1. Please give the helix 2-11 orientation as an angle from the longest Cα principal axis of the chain, in degrees from 0 to 90, rounded to the nearest 10.
2. Could you check what % of the DSSP bridge pairs in the chain are antiparallel, to the nearest 5?
3. Check residue 222: other-chain or 5+ apart residues with amide H under 5 Å from its amide H, H built from backbone geometry?
4. Would you grab the residues whose amide H sits under 5 Å from the one on residue 64? Only those 5+ places off in sequence or on another chain, please, with H modelled 1.01 Å from N.
5. Tabulate in residue order the Karplus-calculated ³J(HN,Hα) for the stretch 242-247, using 6.51 cos²θ - 1.76 cosθ + 1.60 with θ = phi - 60°, rounded to whole Hz; enter x for Gly and Pro.
6. With a Förster radius of 22 Å, plug the Cβ-Cβ distance of residue 94 and residue 188 into 1/(1 + (r/R0)^6) and report the FRET value to the nearest 0.05.
7. For the chain, what is the mean residue ellipticity at 222 nm derived from helices alone (per DSSP H run of n ≥ 4: -39500 (n - 2.57); sum divided by total residues; nearest 500 deg cm²/dmol)?
8. Per 0.36 nm of contour for each residue apart, how much would the distance between residue 218 and residue 258 grow if the chain were fully extended, relative to their Cα-Cα spacing?
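The values are calculated or read from the model by the stated rules, or taken from the named source; none is laboratory data. Here the structure is a predicted model, which is why all the values come from computation and not from measurement. All Cβ positions, even for glycine, are placed from backbone atoms using ideal geometry, and neighbour counts span all protein chains on display. Just the protein is used for accessible areas: all its heavy atoms, side chains included, with ligands, DNA and RNA removed. Shrake-Rupley method; radii C 1.70, N 1.55, O 1.52, S 1.80 Å.
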Amino acid sequence: TASYLKTALASISAERLAEYDRTLVSFGTRMTISANTPSPARGIIPAREYIRDTMRSFSPLLQVELDCYNVRAHGRVTEDVEMCNVVGILPGRSSRRIYVSGHYDSCAVLPDGSGWDWSRTDNPAPGANDDGSGTVLMMEIARVLTAAAAAGGGTARAPYFDATLVFVAHVAEEEGLEGATLHAHRAVEEGWDIEAIFNNDIIGNSHGGGGAYDASSLRIFSEGSADSGSRQLARYIRDVAASFVPSHAVRLIAREDRF
């Protein structure tokens, strides 16, 4: 296991991460309702197609599809719109699922920077860090683990990993976790066995808004009581990271999200 983890970590490419993120930024905006003004080069539709096609290029072992829903206008969703998560599934020997996720949508700020505008898709919303950073990490982990499965002799009929690994770029997080909620409802309806979710949001930033600088730690948010599955998983992440990535401290935050 130690040898495998070292090989996997060494396979992570900073150049690929930067390339993926630059491409997502190049679409100008990834506002959810930009799907209603389709363009081959701007908006959320070419962004989700880029994520889907890139992940499909990793290996035939990774089954990549769009997970789409027609949603009526409500709250921050200012128009009826089709919402599509991008989902890659690497089947395992069991049906239990382990997720790695990020959200690929972004939101536009007002021209004077005073707030957000949920109704306009012509304002720039590049989303390099929120959450291009989490999305490209998900993509790169999908590439590395799919390559590991192929190198280990895994096939569609004889999977390499025991668990089924699911890689998701969620949509409409900025409108209130819409894409993730729709996917969760589907999971309940279809009875999926989800064991763990590693969600990544705004992971590419070392400079805080208040002037703080920290490039050597990351925060793990987890909910529940001290002995809950979520907290146990957070401690497991910390312990494994201490062994294999000692340069980065893992800070355990006993909350489900930031203030």
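1. Value to nearest ten degrees: 30.
2. Working: 18 of 36 bridges.
Of the beta bridges lying entirely in the chain, close to 50 percent run antiparallel.
3. Amide H to amide H, under 5 Å and 5 or more residues apart or across chains, residue 222 pairs with 253, 255.
4. Under 5 Å from the amide H of residue 64 lie the amide H atoms of 89, each far enough along the sequence or on another chain.
5. With coefficients 6.51, -1.76 and 1.60, one gets 4, 7, 10, 9, x, 6 Hz.
6. Working: r = 19 Å, r/R0 = 0.88.
It comes to 0.70.
7. Values: 6 runs with 85 residues, N = 259.
It comes out at -10500 deg cm²/dmol, rounded to the nearest 500.
8. Values: separation 40, 0.36 × 40 = 14.40 nm, distance 1.29 nm.
Additional length available on full extension: 13.1 nm.
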